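Novice: Please find one structure pasted underneath; my questions will follow.
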Amino acid sequence: MKELREKIQKEGTVLGENVLKVDGFLTHQIDAKLMSQIGQRFAELYKDRGITKIVTIEASGIAPAVFAGLAMDVPVIFARKQKSLTMNQELLTASVYSFTKQVTNDISISTKFLTKNDHVLVIDDFLANGQAALGLIELCQQAGATVEGIGIVIEKSFQNGRQLIVDKGYRVDSLARIASLENNEVHFIIEEED
Ligand code: G4P
């Protein structure tokens, strides 16, 4: 998605060889207009898949997921990393290990929000090692829901997340794919239809 790539080039900062800081429009301050375009793009990509729910994870997945939910007119569920006081009902849970942060989070969604009749689009802000997306897929599987695909805002294609997810047979759509962050520069993979 051209607008997203331009925004990353203009406002993103490369930290070391592995991390892209995008707190000016995605992970801290949010560019709502860009998020709206992102939501519409996901809606376009998944218009024929009968999506009934969008599933994401707090915190930074919520903004793109909500705009996709608005564009597709479906509810958005975000997995929690910590149990909330009011979460006293039955839960779907999975463990997610973050290689970047070297911590394991138990993520959860209340069983009442996902059923076997649901067709889910999973959305997240970053795809790095794929552990968050795999955890969300697992929650959907526990509910017996069908995962129609994984929509990612920024994929770091030099890490193995996409491969792990594709190897399990799932569709992955990333709106910006980064080949490398070498020399403090962002190098994109640009696909023809993009
Ligand atoms: P994985 O889920 O793909 O395995 O990713 P990983 O463990 O490597 O990343 C853990 C957290 O760091 C995730 O956020 C992920 O979105 C974020 N992240 C990974 N790579 C980058 C990057 O290059 N830049 C930025 N800004 N974030 C990155 P999280 O812990 O769920 O945090 P949050 O959504 O609550 O902010």
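Each reported figure results from applying straightforward, stated rules to the coordinates on display, with no laboratory input. Here the structure is a predicted model, which is why all the values come from computation and not from measurement. Neighbour counts are summed over all protein chains in view; Cβ atoms, including those assigned to glycine, are modelled from backbone coordinates with ideal geometry.
Novice: Taking neighbour counts of Cβ atoms within 10 Å as a proxy for exposure, in what order, fewest first, do Tyr97, Tyr46 appear?
Specialist: Values: Tyr97 14, Tyr46 22.
Sorted ascending by nearby Cβ count, the order is Tyr97, Tyr46.
Novice: A follow-up question, please. Suppose each label sits 7 Å from its Cα in the direction of the beta carbon; what would the Leu45-Glu185 distance come out to in nanometres?
Specialist: Roughly 2.6 nm, to one decimal.
Novice: Still on this structure: Fewest Cβ neighbours within 10 Å first, please rank Phe99, Phe67, Phe188, Phe78 accordingly. Don't skip to the end; give the middle numbers.
Specialist: Details: Phe99 13, Phe67 26, Phe188 16, Phe78 19.
Going from least to most buried by this count: Phe99, Phe188, Phe78, Phe67.
Novice: Relative to the longest principal Cα axis of the chain, at what angle does helix 131-143 sit, 0 to 90 degrees, rounded to 10?
Specialist: On a 0 to 90 degree scale, this one is about 20.
Novice: Over the chain, what is the relative contact order in percent, taking alpha-carbon pairs closer than 8 angstrom and at least six residues apart?
Specialist: Working: 389 pairs, mean separation 38.0, N = 194.
Relative contact order, the chain: 20 percent.
Novice: Name the long-range amide H neighbours of Gly151: under 5 Å, sequence gap of 5 or more, or other chain; modelled H, no Pro or chain starts.
Specialist: Val122, Ile123, Asp124, Asp173
Novice: Cα axis of helix 2-11 to longest principal axis of the chain: angle in degrees, 0 to 90, nearest 10?
Specialist: Relative to the chain, helix 2-11 is tipped by roughly 70 degrees.
Novice: Which whole-Hz ³J(HN,Hα) couplings does region 59-69 yield from phi under the Karplus relation 6.51 cos²θ - 1.76 cosθ + 1.60, θ = phi - 60°, glycine and proline marked x?
Specialist: Ordered by residue, 3J(HN,Hα) equals 9, 6, x, 5, 4, x, 5, 5, 5, 5, x Hz.
Novice: For each of Phe113, Phe42, count neighbouring Cβ atoms within 10 Å of the residue's Cβ, then give the residues from fewest to most.
Specialist: Neighbour counts put them in this order, fewest first: Phe113, Phe42.
Novice: Would you kindly derive the ³J(HN,Hα) couplings of region 44-56 from the backbone phi angles with the Karplus curve 6.51 cos²θ - 1.76 cosθ + 1.60 (θ = phi - 60°), listing them in order in whole Hz, with x for Gly and Pro?
Specialist: 5, 5, 10, 5, 9, 9, x, 5, 10, 8, 10, 10, 9
Novice: Local charge sum around Ala179 (other residues, Cβ-Cβ under 15 Å, Lys/Arg +1, Asp/Glu -1)?
Specialist: On the way: positive: Arg5, Lys156, Arg162, Arg177; negative: Glu17, Glu155, Glu182, Glu185, Glu191, Asp194.
Surrounding charge for Ala179 is -2.
Novice: If you take all C-alpha pairs in region 8-91, what percent of them are over 21 Å apart? Could the numbers behind the result be given before it?
Specialist: On the way: 1477 of 3486 pairs.
The share of Cα pairs beyond 21 Å in region 8-91 comes to 42 percent.
Novice: Between region 159-188 and region 55-82, what is the C-alpha centre distance in whole Å?
Specialist: Measuring centre to centre over Cα atoms gives 21 Å.
Novice: Note down the net charge around Ala65, summing +1 for each Lys or Arg and -1 for each Asp or Glu among other residues with Cβ under 11 Å from its Cβ.
Specialist: Numbers: positive: Lys53; negative: Glu58, Asp124, Asp125.
Once all neighbours under 11 Å are counted, the net charge is -2.
Novice: Percent of alpha carbon pairs in the chain separated by more than 31 Å?
Specialist: Details: 2374 of 18721 pairs.
Of all Cα-Cα pairs in the chain, 13 percent lie more than 31 Å apart.
Novice: Shifting gears a bit: Give me the net charge for the shell around Thr146: Cβ to Cβ below 15 angstrom, other residues only, Lys and Arg +1, Asp and Glu -1. Mind dumping the intermediate values first?
Specialist: Working: positive: Arg49, Lys53, Lys116, Lys168, Arg171; negative: Asp48, Asp118, Glu138, Glu148.
Result for the local shell: +1.
Novice: Please give every one of the aspartates and glutamates within straight-line cross-link reach of Lys83, meaning a C-alpha to C-alpha distance under 17 Å, and leave out same-chain neighbours fewer than 8 residues apart.
Specialist: Glu58, Asp106
Novice: Please go through the residue pairs Lys21/Lys101; Lys33/Lys81; Lys53/Lys112; Lys2/Lys53; Lys33/Lys156 and name each one whose alpha carbons sit more than 21 Å apart in this structure. Can you show the working numbers first?
Specialist: Values: Lys21/Lys101 15 Å; Lys33/Lys81 27 Å; Lys53/Lys112 13 Å; Lys2/Lys53 27 Å; Lys33/Lys156 23 Å.
The pairs that break the limit, which is 21 Å between Cα atoms, are Lys33/Lys81; Lys2/Lys53; Lys33/Lys156.
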